[in-house]
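Read the structure below first, then the notes.
The values are calculated or read from the model by the stated rules, or taken from the named source; none is laboratory data. Remember, predicted model here, so these are calculated numbers, not experimental data. Using ideal geometry, Cβ is built from the backbone for each residue, glycine included, and neighbour counts are taken over all protein chains shown. The accessibility values were calculated without ligands, DNA or RNA, using every heavy atom of the protein model including side chains. Shrake-Rupley method; radii C 1.70, N 1.55, O 1.52, S 1.80 Å.
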Amino acid sequence: MAREDLTARHRLRVRWAEADMQGIVFNPNYLVYADNAMTEYMRAVGFPYPQALLPFGADIFAVGSQIDFKASARFDDGLRVGARIERIGRTSFRFRIAVFRGEELLADVRTTYVCATPGETRATLSVPEEFVSTVEGFERLKPER
């Protein structure tokens, strides 16, 4: 994965609380980084989460994540986290998120979100077409459909 393929990018610095006793980022924190990347992506495309989907009667819920670890981040490392939507289905979409230290890929994350009604019922919905067209216009590499 190339950094330039990730259309939404932001920086972060590893905090002491995110590291284990060896000063290495504790694995679950990469999901926190991915969640932050999703939030920044949604803001970048003009659909800030969660309020932008509510007019469509929709919310999104994470239903799966996969992380491929390549190298370890350490306390006080400056990181770049990038995101793109690589696939859009009828009711779900999948983010591809990468964590880099300089040019080195540290973690490759895929997180799938399903579109559903907000609240307790969480009835599955189609991904709003306005969101799909906005994402397709934003992405350098068009999402798989």
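Among the listed residues Glu139, Glu144, identify the single one that is open to solvent by 70 Å² or more (accessible area, probe 1.4 Å) and in contact with a Lys or Arg (Cβ under 7 Å, 6 or more places away or on another chain).
Numbers: Glu139 fails: open to solvent by 70 Å² or more (accessible area, probe 1.4 Å).
Of Glu139, Glu144, the one residue that is open to solvent by 70 Å² or more (accessible area, probe 1.4 Å) and in contact with a Lys or Arg (Cβ under 7 Å, 6 or more places away or on another chain) is Glu144.
Do the conditions hold for Ser72, that is, is it more than 18 Å from Thr7 (Cβ to Cβ), modelled with pLDDT of 95 or more and touching a Ser or Thr at 6+ places or on another chain (Cβ under 7 Å)?
On the way: more than 18 Å from Thr7 (Cβ to Cβ): yes; modelled with pLDDT of 95 or more: yes; touching a Ser or Thr at 6+ places or on another chain (Cβ under 7 Å): no.
Against the criterion (more than 18 Å from Thr7 (Cβ to Cβ), modelled with pLDDT of 95 or more and touching a Ser or Thr at 6+ places or on another chain (Cβ under 7 Å)), Ser72 does not qualify.
Residues that are among the small types (Gly, Ala, Ser), surrounded by fewer than 13 Cβ atoms within 10 Å (Cβ to Cβ) and free of Cβ contacts under 8 Å to residues at least 60 places away in the same chain: does the stretch 42-50 have at least one? Explain how you work it out, then say what you get.
Here is the first cut: in the stretch 42-50, the residues among the small types (Gly, Ala, Ser) are 44, 46.
With the extra rule that they be surrounded by fewer than 13 Cβ atoms within 10 Å (Cβ to Cβ), the set shrinks to 46.
So of that shortlist, the ones also free of Cβ contacts under 8 Å to residues at least 60 places away in the same chain come out as none.
Looking through the stretch 42-50, none of the residues is among the small types (Gly, Ala, Ser), surrounded by fewer than 13 Cβ atoms within 10 Å (Cβ to Cβ) and free of Cβ contacts under 8 Å to residues at least 60 places away in the same chain.
Filter the stretch 1-31 down to the residues that are part of a helix (DSSP H, G or I) and open to solvent by 70 Å² or more (accessible area, probe 1.4 Å) and list them by number. Quick ask: steps written out before the conclusion?
To start, the set of residues in the stretch 1-31 that are part of a helix (DSSP H, G or I) comprises 3-5, 16-18, 29-31.
Those that are part of a helix (DSSP H, G or I) and open to solvent by 70 Å² or more (accessible area, probe 1.4 Å): Glu4, Trp16, Ala17, Leu31.
So is Ala62 open to solvent by less than 10 Å² (accessible area, probe 1.4 Å), at pLDDT 95 or above and not acidic (Asp, Glu) or not? Give the derivation first.
Values: open to solvent by less than 10 Å² (accessible area, probe 1.4 Å): no; at pLDDT 95 or above: yes; not acidic (Asp, Glu): yes.
Here the answer is no, as Ala62 does not meet what is asked.
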